[in-house]
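Here the structure comes first, spelled out in structure tokens, and everything after it is commentary.
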Amino acid sequence: MPELPEVEVVRRGLAEHVVGRTIESVTVTHPRSVRRHLEGAADLAARMAGQRVTAAERRGKYLWLTFDDGDDALVVHLGMSGQMLVRPADAPLEKHTHIKATLHDGTQLRFVDQRTFGGWALAPLVEVDGTPVPEPVAHIARDPLDPRFDREAAVDAIRAKRSEIKRVLLDQSVISGVGNIYADESLWRVRIHGSRLASGLTKPVLRELLDAVTAVMGEALAVGGTSFDALYVDVNGESGYFERALAVYGREDEPCRRCGAPVVRERFMNRSSYSCPRCQPKPRRR
Ligand SMILES: [Zn+2]
């Protein structure tokens, strides 16, 4: 599953290679990739044809394109394996290419998705808190890389939750874009175990935690952002760019980079949590 930095890398690629171009035609070759567009493939293609792409936007892990006629956005779900590739229109098709949008400059935006969990759908733009966002994104909070992210408001929203801090970090309606990897890495930096109660953490600690989240994502982005410069926009998902720099995630039994204690893996919400048992003591059961 791509996390926020990987999605931002894709967004930047689209901003560079697709924004400002006009879509000549759209061809859908796998119906599953447009299943979220309830009016069907022909409707999607007809409504996108002739539109000029005006922006590539992102909130959390949600990605969308806007058009010059303004009312609808194209929401792109990357799912587990979705890729947005920009290739010369006559270049051989990649395996698992399910949607093609031919642009007026001779290139083609291709949606390639081996596992077909992702897809494209048009959705109306609605205004939330002064910013237009597609309807399916309306309930998603701003992410820490958003220039209008309000750290103090996020601290208050977190402290209002009588729930484990890691669960709250993953709650996209509180802050968006924090996935499993970045939650674990950020909690390690501030030496907090993910099962501590959010409402029991102090404001200074939560400010520090949010700053850690922002820093970890910024570092991942700095690494990922250098990996594409060709007309090739890629998503690597969680085994991607940042792997070598991870402190705890995926490092079970390896030494903590701070104190040397073996990193512990625990089950959490059908996934895994990684932490240092010495730096991040587990709270006692109540
Ligand atoms: Zn440690």
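The values are calculated or read from the model by the stated rules, or taken from the named source; none is laboratory data. Remember, predicted model here, so these are calculated numbers, not experimental data. Cβ sites come from the backbone with ideal geometry, for glycine too, and all protein chains shown count toward neighbours.
Residues of the range 27-67 that are more than 22 Å from V133 (Cα to Cα) and touching a Lys or Arg at 6+ places or on another chain (Cβ under 7 Å): T27 alone. The set of residues in the range 267-286 that are out of contact with any His (no Cβ under 8 Å at 6 or more places or on another chain), surrounded by 14 or more Cβ atoms within 10 Å (Cβ to Cβ) and not in a loop (DSSP other than H, G, I, E, B) comprises F268, S272, S273, Y274. Kindly evaluate R162 against the criterion of being surrounded by fewer than 18 Cβ atoms within 10 Å (Cβ to Cβ) and not in a helix (DSSP H, G or I). So R162 fits the description; yes.
Just one of (1) within 16 Å of the ligand (Cβ to nearest atom); (2) within 26 Å of the chain's Cα centre (by Cα) fails for P262. It is (2).
Quick check on R207: is it surrounded by fewer than 19 Cβ atoms within 10 Å (Cβ to Cβ) and touching a strand residue (DSSP E or B) at 6+ places or on another chain (Cβ under 9 Å)?
When the stated conditions are applied, R207 does not pass them.
Within the range 228-247, one or more residues are within 13 Å of the ligand (Cβ to nearest atom) and either modelled with pLDDT under 95 or farther than 26 Å from G118 by Cβ (or both).
Scanning the range 7-38 for residues being under 21 Å from the mean Cα position of the chain (by Cα), surrounded by fewer than 19 Cβ atoms within 10 Å (Cβ to Cβ) and part of a loop (DSSP other than H, G, I, E, B) gives a total of 3.
Figure legend. Inter-residue proximity from the range 25-53: first residues small (G, A, S), second residues in a helix (DSSP H, G or I), beta-carbon distance below 8 Å, spacing 6+ or different chains. Indicated pairs: S25/A45; G40/V34; A41/P31; A41/V34. Looking at V86 and the list (1) in a strand (DSSP E or B); (2) surrounded by fewer than 19 Cβ atoms within 10 Å (Cβ to Cβ), which single condition is not satisfied? Condition (2) is where V86 drops out.
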